[in-house]
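A.B. asks: To start, I am sharing the structure in question, which I have written as structure tokens.
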Amino acid sequence: MLPSQVKIVEVGPRDGLQNESQIIALSAKLQLIAELANAGLKHIEAGSFVSPKWVPQMADSLTLFQQLTKQSGVVYSALTPNMQGLEAALTANVDEVAIFGAASETFSLRNINCSIAESLQRFEPVIEKASAAGLKVRGYVSCVLGCPYEGEISPDKVAQVTQQMLTMGCYEVSLGDTVGVGTPVKTAQLLEKLMNHISVDKLAVHFHDTYGQALANILIALQHGISVIDSSVAGLGGCPYAKGAAGNVATEDVIYMLNGMGIETGVDLAKLVNAGQHIMAQLGRSSQSKVAQAMSST
Ligand code: HMG
Ligand code: MG
């Protein structure tokens, strides 16, 4: 039961760029976001309202949103870990926010400086206030297939945190393989466990591609009926609190695979490849996307 349509959540401007050590000009970020929208992406995670001491690269998110030319039909979202982040996001007039927690205690402490239970307590008023302001709230659970500090993570813990976020009001939870250690059979086992209690339309997948397993895992997710996939143009990214983790699966590679399966995304692959080439030229590196490499060399 493959889905006939898939929604891509493009996380390149946030997850992709948050880990870059070099300063990226605001104009380059704005150009990237505009080109992603022009390529047909309908959900773009454009920034993050977190501590600038923790993630300096996202410190310009308020200015970015203020200068953004929004295209109609495109949702521009941002991460908001606490009330301070939500207040900034409301000032920035974001379209949607996301809270982010983890299924690993140690990762939670390293990433957002509190335990899982404390994080869920913090998210509650964020979700309430965002909802009251008419904003939808997405949830992320990190380390669903393994943790850089704890190793194995119990699927029961993933299920528990996911369920709590949904009960608290998130419309969808994105399952993060933060370090990209997951393999297809493990992915299937996790999804089957979650789908015992959670409707598949409440789940999205977010694979980093450290071990080159992301596309295989995405295929498994599609076969389980999941129709929302997070990805990052050019395979940019990584989490600053997950050392060694590579970028997200490249959006170009996901679109190519979905095109090959006859699954509709509304994304123009050639325009997307161009958007990726432009930001990689700014960064002075080559794209991580195999599809972009192949299409650029022909
Ligand atoms: P904290 O230090 O516990 O916060 O950090 P605090 O409330 O004690 O405040 C301490 C200072 O931080 C204060 O400033 C606050 O104003 C400031 P000071 O008085 O010292 O100058 N502060 C803030 N500043 C701006 N925006 C805010 C904010 N909150 C407090 N929202 C906090 C807690 C969560 C803020 C911190 O740990 C943080 O910013 N962490 C960054 C986490 C992050 O962005 N990680 C990367 C994204 S998650 C990810 O990549 C995974 C994902 O992709 C899924 C996956 O792959 O698995 C989503
Ligand atoms: Mg991520």
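A.B. asks: Restricting to the stretch 222-242, name every residue that is assigned to a loop (DSSP other than H, G, I, E, B), away from ligand 2 (no atom under 12 Å from the Cβ) and hydrophobic (A, V, I, L, M, F, W, C).
C.D. replies: Initially, the stretch 222-242 is screened for residues assigned to a loop (DSSP other than H, G, I, E, B), giving 224-227, 236-242.
Filter once more, so that each one left must be away from ligand 2 (no atom under 12 Å from the Cβ): 224-227.
ILE226 - this is the single residue of the stretch 222-242 that is assigned to a loop (DSSP other than H, G, I, E, B), away from ligand 2 (no atom under 12 Å from the Cβ) and hydrophobic (A, V, I, L, M, F, W, C).
A.B. asks: Next question. Just to be sure before I move on: is GLY276 of a type in the set (Gly, Ala, Ser), modelled with pLDDT under 95 and either within 16 Å of ligand 1 (Cβ to nearest atom) or assigned to a helix (DSSP H, G or I) (or both) in the structure I sent?
C.D. replies: For GLY276, the condition - of a type in the set (Gly, Ala, Ser), modelled with pLDDT under 95 and either within 16 Å of ligand 1 (Cβ to nearest atom) or assigned to a helix (DSSP H, G or I) (or both) - is not met.
A.B. asks: Let me ask something additional. Looking at the structure I just gave you, is HIS206 buried (at least 16 other Cβ atoms within 10 Å of the Cβ) and away from ligand 2 (no atom under 16 Å from the Cβ)?
C.D. replies: No, not satisfied.
A.B. asks: Can you tell me how many residues in the stretch 200-216 are of a type outside the set (Asp, Glu) and either in a helix (DSSP H, G or I) or in contact (Cβ under 8 Å) with a residue 60 or more places away in the chain (or both)? Before you say what the answer is, go through the steps one by one.
C.D. replies: Of all residues in the stretch 200-216, those of a type outside the set (Asp, Glu) come to 200, 202-208, 210-216.
In the following step, the residues that additionally are either in a helix (DSSP H, G or I) or in contact (Cβ under 8 Å) with a residue 60 or more places away in the chain (or both) were identified as 200, 202, 204, 206, 214-216.
Qualifying residue count, the stretch 200-216: 7.
A.B. asks: Please go through the stretch 131-175 and give me each residue that is within 16 Å of ligand 2 (Cβ to nearest atom), free of Cβ contacts under 8 Å to residues at least 40 places away in the same chain and on the phi < 0 side of the Ramachandran plot, ordered by number.
C.D. replies: Listed by number, the residues that qualify are VAL173, LEU175.
A.B. asks: What are the residues in the stretch 230-254 that are hydrophobic (A, V, I, L, M, F, W, C), in contact (Cβ under 8 Å) with a residue 60 or more places away in the chain and within 13 Å of ligand 1 (Cβ to nearest atom), if any?
C.D. replies: LEU236, CYS239, ALA242, ALA245, ALA246
A.B. asks: Restricting the search to the stretch 145-156, which residues are assigned to a helix (DSSP H, G or I) and surrounded by 17 or more Cβ atoms within 10 Å (Cβ to Cβ)?
C.D. replies: Within the stretch 145-156, PRO155 is the sole residue that qualifies.
A.B. asks: A further question follows. Just to be sure before I move on: is PHE107 in a helix (DSSP H, G or I) and within 16 Å of ligand 2 (Cβ to nearest atom) in the structure I sent?
C.D. replies: yes
A.B. asks: Out of everything in the stretch 123-144 that is in a loop (DSSP other than H, G, I, E, B) and out of contact with any Ser or Thr (no Cβ under 7 Å at 6 or more places or on another chain), what residue ends up being nearest to PRO184 (Cα to Cα)?
C.D. replies: This residue is VAL144.
A.B. asks: What about THR167, is it more than 14 Å from the chain's Cα centre (by Cα), buried (at least 22 other Cβ atoms within 10 Å of the Cβ), part of a helix (DSSP H, G or I) and β-branched (Val, Ile, Thr)?
C.D. replies: no
A.B. asks: Only one of these conditions is not met by LEU219: (1) over 17 Å from the mean Cα position of the chain (by Cα); (2) assigned to a loop (DSSP other than H, G, I, E, B); (3) aliphatic (A, V, I, L, M). Which number is it?
C.D. replies: Every listed condition holds for LEU219 apart from (2).
A.B. asks: Return yes or no: is VAL179 within 16 Å of ligand 2 (Cβ to nearest atom) and at pLDDT below 95?
C.D. replies: So VAL179 fits the description; yes.
The values are calculated or read from the model by the stated rules, or taken from the named source; none is laboratory data. Note that this is a predicted model, so its numbers are computed, not measured. When we count neighbours, we look across all protein chains shown, and the Cβ atoms used for this are built from the backbone with ideal geometry, even at glycine.
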